[in-house]
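Each remark here refers to the structure printed beneath this line.
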Amino acid sequence: MEDVASEIAGVAVEDVEYLRVDGLPLMATVYRPEGDGPFPMVLEIHGGAWCRGSRQDEHALNLALAGQGVVVAALDFRMPPQGAYPASLCDINLALRYFKANAGRWNSQAGLVGVMGVSSGGHQAVLAALRADDRRYGVHALPDGAGQDARPAFVVACWPVIDPIGRYRYAKAARDGGQPYPAALDRVIPDHEKYWLSEDAMQEGAPAVALERGEAMALPPILCVQGDADIVHPRAHLERFIDAYRKAGGEVEVRLYRDQAEGFITKQPDAAASAEATGDIAAFIKRFGAM
């Protein structure tokens with residue numbers, strides 16, 4: 001495994017295997033603050049349009065959060081060709097149960113464990129939380145954590161692809177419209193197709209659509225983080241989800257950062273806006289991941 005070193009005094013970093021599927025080990029890099037805790041813990045799901053990226057992509061963000069007193073576990077999960085939807089949701093569901101069952105190892109507690117994701121990882125964080133009790137996602141057994149549920153205490157969704165079918169059609173319309181558009185949209189079209197396999201699946205896995213059709217879902221508190229200049233993750237999709245979530249009785253906080261485009265925290269971790277957003281995320285986690 002790659003060596004991920006701590007760059008902040010007082011933060012220990014280690015790799016652990018949380019699941020093995022058909023001989024494939026799924027790892028998590030855990031960032032743990034020094035001290036007795038109990039600390040809130042967040043499972044971090046990387047982006048990459050469900051098909052690319054690694055658990056080390058948000059290393060700077062995860063390290064910064066650990067430096068502010070949050071345990072972070074950055075997850076591997078299956079991506080195409082190892083698995084299409086809902087394989088990654090099955091892995092994340094197991095990860096939530098695993099880290100809740102073993103939270104004491106990192107000076108946390110089961111009731112303090114939440115989930116965070118960026119871009120497609122933000123979508124998966126939200127969907128895993130809302131459908132924490134979905135039997136399709138809970139297929140992996142956890143012998144040592146029998147009876148532990150996959151419900152997180154909170155969710156942080158950073159520029160999530162919250163409406164997969166809407167973003168797919170948005171990207172295709174931009175490509176076919178003959179006007180300048182972000183190059184990222186060209187890359188995500190085939191990734192949507194590889195992960196979801198069909199537009200019906202994209203719609204089935206869209207949280208706002210599920211809420212609008214009356215699906216019974218868990219409703220943990222959610223923080224949505226996005227740059228106000230982000231055109232890769234359409235704001236209208238996020239606003240539609242927020243409206244549906246609040247109508248269902250859920251609590252959503254929204255933080256928009258002026259003049260910031262997609263992925264600003266990851267791409268410019270030392271920028272002032274990134275530091276502000278990281279502080280906002282840490283404050284939210286501590287408020288809802290508290291005893």
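With r as the distance between the Cβ atoms of residue 14 and residue 197 and R0 = 45 Å, compute the FRET efficiency 1/(1 + (r/R0)^6) and round to 0.05.
Values: r = 35 Å, r/R0 = 0.79.
Efficiency for this residue pair is about 0.80.
May I ask you to list the residues of the range 56-77 whose amide nitrogen lies under 20 Å from a point 7 Å from Cα along the Cα→beta-carbon direction of residue 270?
Counting backbone N atoms under 20 Å from the label point, the list is 57-68.
For every other residue with a beta carbon closer than 12 angstrom to the beta carbon of residue 176, add +1 if it is Lys or Arg and -1 if Asp or Glu, then tell me the sum. Don't jump to the answer; show the numbers that get you there.
Working: positive: 169, 172, 175; negative: 186.
Neighbour charge sum, excluding residue 176 itself: +2.
Assign unit charges at the C-beta atoms only (+1 for Lys and Arg, -1 for Asp and Glu), then state the dipole size of the range 52-167 relative to its Cα centre in Debye, rounded to the nearest 20. Mind dumping the intermediate values first?
Details: 11 positive and 9 negative charges, 23 e Å.
Computed charge dipole of the range 52-167: roughly 100 debye.
Compare the peptides 45-51, 182-188 by average per-residue count of other Cβ atoms within 10 angstrom and give them in order, highest first. Please list the in-between numbers first.
Numbers: 45-51: 23.6, 182-188: 15.6.
So the peptides 45-51, 182-188, ranked by packing, come out 45-51, 182-188.
Through the Karplus equation 6.51 cos²θ - 1.76 cosθ + 1.60, θ set to phi - 60°, convert the phi angles of the range 82-97 into ³J(HN,Hα) values in whole Hz; use x for Gly and Pro.
5, x, 9, 4, x, 3, 5, 5, 5, 5, 5, 4, 5, 4, 4, 5
Once you list every other residue whose beta carbon is under 11 Å from the beta carbon of residue 202, what net charge do they have if Lys and Arg are +1 and Asp and Glu are -1? Mind showing how you got there, number by number?
Details: positive: 167, 169; negative: 163, 193, 199, 200, 204.
Net charge in that neighbourhood comes out at -3.
Which percent, to the nearest 5, of DSSP beta bridges fully inside the range 11-288 are antiparallel?
Values: 14 of 38 bridges.
Bridges in the range 11-288 are about 35 percent antiparallel.
Can you tell which of 177, 205, 11 lies farthest toward the positive end of the dipole of the chain, using +1 and -1 charges on the Cβ of basic and acidic side chains (Lys, Arg; Asp, Glu)?
So the residue furthest toward the plus end is 205.
Going by Cα centres, the range 253-267 and the range 162-215 are how many Å apart?
20
Between residue 286 and residue 216, take the C-beta separation as r, use R0 = 41 Å, and let me know the FRET efficiency to the nearest 0.05.
Approximately 0.90, to the nearest 0.05.
For residue 23, what is the net charge nearby, where nearby means another residue's Cβ is under 15 Å from its Cβ and Lys, Arg count +1, Asp, Glu -1? Please list the in-between numbers first.
Values: positive: 20, 78; negative: 17, 22, 76, 91.
Computed value for this residue: -2.
If each of residue 105 and residue 173 carries a label point 7 Å out from its Cα toward its Cβ, how far apart are those two points in nm?
Inter-label distance under the simple model: 4.7 nm.
If you place +1 on the Cβ of every Lys and Arg and -1 on the Cβ of every Asp and Glu, how big does the dipole about the Cα centre of the chain come out, in debye to the nearest 20? Before the final figure, lay out each step's value.
Working: 28 positive and 39 negative charges, 119 e Å.
Dipole of the chain, to the nearest 20 debye: 580 debye.
Estimate the FRET efficiency between residue 236 and residue 34 by the formula 1/(1 + (r/R0)^6), using the beta-carbon distance for r and 30 Å for R0, to the nearest 0.05.
The value I calculate is 0.10.
Out of residues 5 or more away from residue 12 or on other chains, whose amide H comes under 5 Å of its own, with H placed 1.01 Å from N in the peptide plane?
32, 34
I need the shape label for the range 219-288. Rule: rounded when a/c is under 1.5, else prolate if a/b > b/c, else oblate, with a, b, c from the alpha carbon gyration tensor.
Numbers: a/c = 3.14, a/b = 1.32, b/c = 2.37.
Cα axes put the range 219-288 in the oblate bin.
Just order 205-212, 271-278 by mean Cβ neighbour count inside 10 Å, highest at the front, would you? Please report the intermediate quantities before stating the final value.
On the way: 205-212: 20.5, 271-278: 15.9.
Most protected by this proxy first, the peptides run 205-212, 271-278.
Each value in this text was obtained by applying a stated rule to the coordinates, not by laboratory testing. Since the model is a prediction, treat every value here as computed from it, not as a measurement. Neighbour counts run over all protein chains shown; Cβ positions are idealised from the backbone, glycine included.
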